[in-house]
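Encoded as structure tokens, the structure appears first; notes follow it.
The values are calculated or read from the model by the stated rules, or taken from the named source; none is laboratory data. Bear in mind the structure is a predicted one, so any value in this text is a computation, not a measurement. As a convention, Cβ positions derive from the backbone with ideal geometry for all residues, glycine included, and neighbour counts pool all protein chains shown.
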Amino acid sequence: MEQSQPAVRGQGLLEWYEALISAALVLVLVFSFFFRIIQVDGESMVPTLENGDKLVVWGAGYEPQRGDVVIVDSYTSYGRPLVKRVIAKGGDTISIRSSVAGGAV
């Protein structure tokens, strides 16, 4: 009869550590190159998005359409990404009409 080798104590624990480290590395790579987590700062998107809401954003080659929520951070001096809605695309004409009593915006 063959005798089985006694299990090395802690080998199972080592395998768990390796699996956790591998999973953490994959998450870091995925969120570094494909996704971003953005926090909404301000109330300009209420009621769609509230101040402090968190968004997971796909960052690879996407052309926004009218009505989409987009993140603008390349051109801001504000220091934080801005969360805004697309209201027009290149070539569109928009007009702004004030509904504020007694003045124009």
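The table for this structure:
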item	result
Positions within region 76-99 being among the charged types (D, E, K, R), at pLDDT 85 or above and over 25 Å from the mean Cα position of the chain (by Cα), in sequence order	ASP92
Set ASP41, ASP68, ASP73: member being among the charged types (D, E, K, R), surrounded by 10 or more Cβ atoms within 10 Å (Cβ to Cβ) and within 13 Å of the chain's Cα centre (by Cα)	ASP73
Among the residues listed as VAL46, VAL28, VAL56, the single one being in contact with a Phe, Trp or Tyr (Cβ under 6 Å, 6 or more places away or on another chain) and either under 18 Å from ASP68 (Cβ atoms) or modelled with pLDDT under 90 (or both)	VAL56
